[in-house]
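For reference, the structure discussed in these notes is given below.
Each value in this text was obtained by applying a stated rule to the coordinates, not by laboratory testing. Computed from a predicted model, the values in this text were never measured in an experiment. Virtual Cβ from ideal backbone geometry, glycine too; neighbours counted across all protein chains shown.
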Amino acid sequence: MVTTQAESVLRGSPYRADCPTRHILDRIGDRWTVLIVCALWDGSVRFSELRRRIEGVSQKMLTQTLRGLERDGIVHRIAHPGVPVRVECTLTEAGRTLREPLRALEEWSIANLGGVSASQEAYDRGDRPRAASTDHDT
């Protein structure tokens, strides 16, 4: 069965450059998205608390990421009037479905930290096998 480019895009094929699933994978694969979704695991969190929980994220990057997540229907942001404005964030239904896969990535990174670190150190020292390769990328 032959499918057209439009049919392929409608079904979702992230390996195609023009497929919208690429945007979704870019969003959920972003390091700030992973940390934000995991930080919102238990419910609504104020913006200032998110910023404290996620060390290293700037106010600008947190704001941009939250707005993108809101646009994609993953996070719901509520701005409460006042001085200063108080912003609360919570996962939407779609966002809650991301908790388990992203939690699995978080747990994998913790469980494999030692092995990955050892591999990085060995690679950086040049301690890697020089096997014949058919890769054309270097």
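Of note:
- Taking every Cα-Cα distance in the stretch 42-91 and sorting them into 5 Å bins from zero, the calculated P(r) comes out as 5, 21, 30, 30, 13, 1 percent.
- The length gained on full extension between Arg46 and Ala104, counted as 0.36 nm times the residue separation minus their Cα-Cα distance, comes to 18.4 nm.
- Spin-label proximity, Thr21 to the stretch 78-112 - amide N less than 18 Å from point 7 Å beyond Cα toward beta carbon: 98, 101-102
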